[in-house]
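The values are calculated or read from the model by the stated rules, or taken from the named source; none is laboratory data. Keep in mind it's a predicted model, so treat the numbers as computed, not measured. Please note: Cβ atoms are built from the backbone with ideal geometry, for glycine as well, and neighbour counts cover all protein chains shown. Quick note on the areas: whole protein, heavy atoms, side chains included, nothing else; ligands and nucleic acids left out. Shrake-Rupley method; radii C 1.70, N 1.55, O 1.52, S 1.80 Å.
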Amino acid sequence: MIDRKKMTTLLINVISVKMLLTFPKIMIINSGNAAWIECIYNTLIVIGLFWITTKLYRSNKNIIQLAEMTGKKWLKIIVGVVAFVVLLINYSSIIRIFPETVKIVLLQDFKIEFIIPIFMLAIGIGAYIGLEPIARVNNMFMPLAGIVLLLSLILLIPYFNINNIFPILGNGVYSITVKGINTISLFSDILLLNILLPYCENTSEAKKSGWRAIYISATIGVVILLSYCLIYPYPVSREFMIPVYQLSRVIHLGNFFSRFEVIFQFVWSILVLIYSSIYVYALCYVWQITFDLKYYKPLILPVVIISGIVAVLPSSVVDLVKSERLENIIVYPVAFLLPILFGFYSKKIYNKRTVNEESGESE
């Protein structure tokens, strides 16, 4: 079992880690320097969807297990395979971007073909030790990451220029509300809470973890975007591939230590490795419960190999898989709507059980 605190920090990691890579640039391209407003807008949508889910969900079983409870094996397999594909699509952006950014930022003289196997080996070892040890390590590391983020934001304040966020609506209301809806994918990792629900103490604790993770992750996203937009005017702000790394390069702590980005690189790498280990474990777990396998560890090597293949796919193929249309058709409905659908089903079962119990007592 994973307690509320560990599950909360685990969810904060999987949601927020995108903000450390290229995700802020996507939002800047959409809305200009109103990207922070776009983040708030999408947060409000996710809060509404998660509120509906929490009101309906009455079971500690995930969507795959609830699909099995309908009595139809084929439905369980379909839901399990779809969940696996959605998680892999979500994860693919990180395993594509992280090795490339390591090469750009840290190891310019290394070929990416050497970086990817080391990365795959590390996340494979992480998944092998199991979810609970991963959650404990993540829970210990997240406060350090939080301190580094807070310190960096404080050190950035002297570089803020309020004029850089004007016009306040950036590229316009349409860009924020219509074009910007695709960045709701920032929160699509909340699906992991449903997949890992059997590891939670109960549904009440799981819901509390979900709420806290959404609020904290949204705050992190808004603060990062607002800080970036206050420092770099548009359209200069859309030119940098990794905005958070660019922010870290602005900070100078005197002549003794003028490269704050070194600390950022350390924290960023550890967080991504933990994130990837969580995802590889979740992918194995989905396959395990979908096909009623006794052990998940034999699945780690195939999943890591699949991850490595995705990491080296040509950009054209990745762009096709990560296209907005495909996300609208597959990722968003599964990540946000499928838990609501099965939540309705779990509530129906709960109400039926309550009626039966009351009928038994009356007799």
Check whether at least one residue in segment 142-152 is within 23 Å of ALA218 (Cα to Cα) and in contact with a strand residue (DSSP E or B) (Cβ under 9 Å, 6 or more places away or on another chain), and report yes or no. no
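Filter segment 221-246 down to the residues that are aliphatic (A, V, I, L, M) and modelled with pLDDT of 85 or more, then identify the one that is farthest from TRP36 (Cα to Cα). If you could, list the steps in order and put the result at the bottom.
Just the residues of segment 221-246 that are aliphatic (A, V, I, L, M), to begin with: 222-226, 230-231, 236, 241-242, 244.
In the following step, the residues that additionally are modelled with pLDDT of 85 or more were identified as 222-226, 230-231, 236.
Details: VAL222: 5, VAL223: 8, ILE224: 8, LEU225: 5, LEU226: 6, LEU230: 11, ILE231: 13, VAL236: 16 Å.
The extreme case among them is VAL236.
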For segment 88-107, how many residues meet the condition of being among the charged types (D, E, K, R), over 18 Å from ILE15 (Cα atoms) and either open to solvent by less than 20 Å² (accessible area, probe 1.4 Å) or out of contact with any Phe, Trp or Tyr (no Cβ under 7 Å at 6 or more places or on another chain) (or both)? 1
Of the residues that sit in segment 193-214 and are touching a Lys or Arg at 6+ places or on another chain (Cβ under 9 Å) and not in a helix (DSSP H, G or I), which one is most open to solvent (accessible area, probe 1.4 Å)? GLU201
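Using the structure shown, decide if LEU271 is surrounded by fewer than 18 Cβ atoms within 10 Å (Cβ to Cβ), part of a helix (DSSP H, G or I), on the phi < 0 side of the Ramachandran plot and at pLDDT 80 or above.
Criteria not met by LEU271.
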Extreme residue, least open to solvent (accessible area, probe 1.4 Å), among residues of segment 29-87 that are basic (Lys, Arg) and assigned to a helix (DSSP H, G or I): LYS76
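Quickly run through segment 215-236 and pick out the residues that are touching a residue at least 60 places away in the same chain (Cβ under 8 Å), surrounded by fewer than 21 Cβ atoms within 10 Å (Cβ to Cβ) and out of contact with any Cys (no Cβ under 6 Å at 6 or more places or on another chain). It would help to see each step written out before you state the result.
First, pick out the residues of segment 215-236 that are touching a residue at least 60 places away in the same chain (Cβ under 8 Å): 216-218, 220-235.
Filter once more, keeping what is surrounded by fewer than 21 Cβ atoms within 10 Å (Cβ to Cβ): 216, 220, 222-223, 226, 230-231, 233-235.
Correct list: ILE216, ILE220, VAL223, LEU226, LEU230, ILE231, PRO233, TYR234, PRO235.
Residue-wise test of (1) within 30 Å of GLY48 (Cα to Cα); (2) modelled with pLDDT of 85 or more.
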residue: SER92; (1), (2): yes, no
residue: ASP109; (1), (2): no, no
residue: PHE119; (1), (2): no, no
residue: VAL137; (1), (2): no, yes
residue: ILE157; (1), (2): no, yes
residue: LEU169; (1), (2): yes, yes
residue: VAL178; (1), (2): yes, yes
I need a count of the residues in segment 154-181 that are in contact with a helix residue (DSSP H, G or I) (Cβ under 6 Å, 6 or more places away or on another chain), surrounded by fewer than 20 Cβ atoms within 10 Å (Cβ to Cβ) and not in a loop (DSSP other than H, G, I, E, B). 5
So LEU10 fits all but one of (1) in contact with a Cys (Cβ under 7 Å, 6 or more places away or on another chain); (2) open to solvent by less than 20 Å² (accessible area, probe 1.4 Å); (3) closer than 30 Å to GLN246 by Cβ; (4) of a type outside the set (S, T, N, Q); what number is the exception? (1)
For SER258, which of the numbered conditions (1) at pLDDT 85 or above; (2) of a type outside the set (Lys, Arg); (3) open to solvent by 10 Å² or more (accessible area, probe 1.4 Å) fails to hold? (1)
Could you check, for segment 284-295, whether at least one of its residues is outside any helix (DSSP H, G or I), at pLDDT below 90, under 30 Å from TYR159 (Cα atoms) and of a type in the set (Ser, Thr, Tyr)? no
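Being under 20 Å from ILE242 (Cα atoms) and free of Cβ contacts under 8 Å to residues at least 12 places away in the same chain is the filter here, so list the residues in segment 261-300 that pass it.
Here is the first cut: in segment 261-300, the ones under 20 Å from ILE242 (Cα atoms) are 261-276.
VAL262, PHE266, listed by residue number.
Looking at SER188, SER277, which is the one that is farther than 28 Å from ILE40 by Cβ and either open to solvent by less than 10 Å² (accessible area, probe 1.4 Å) or outside any loop (DSSP other than H, G, I, E, B) (or both)? Break it down into steps so the answer makes sense when it comes.
On the way: SER188 fails: farther than 28 Å from ILE40 by Cβ.
One residue alone meets the criteria, SER277.
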Single match in ASN30, ASN13, ASN60, ASN42 (criterion: among the polar types (S, T, N, Q) and in contact with a Pro (Cβ under 8 Å, 6 or more places away or on another chain)): ASN60
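For ILE26, indicate whether it is open to solvent by 50 Å² or more (accessible area, probe 1.4 Å) and of a type outside the set (Lys, Arg). Full working, then the answer.
On the way: open to solvent by 50 Å² or more (accessible area, probe 1.4 Å): yes; of a type outside the set (Lys, Arg): yes.
Yes, satisfied.
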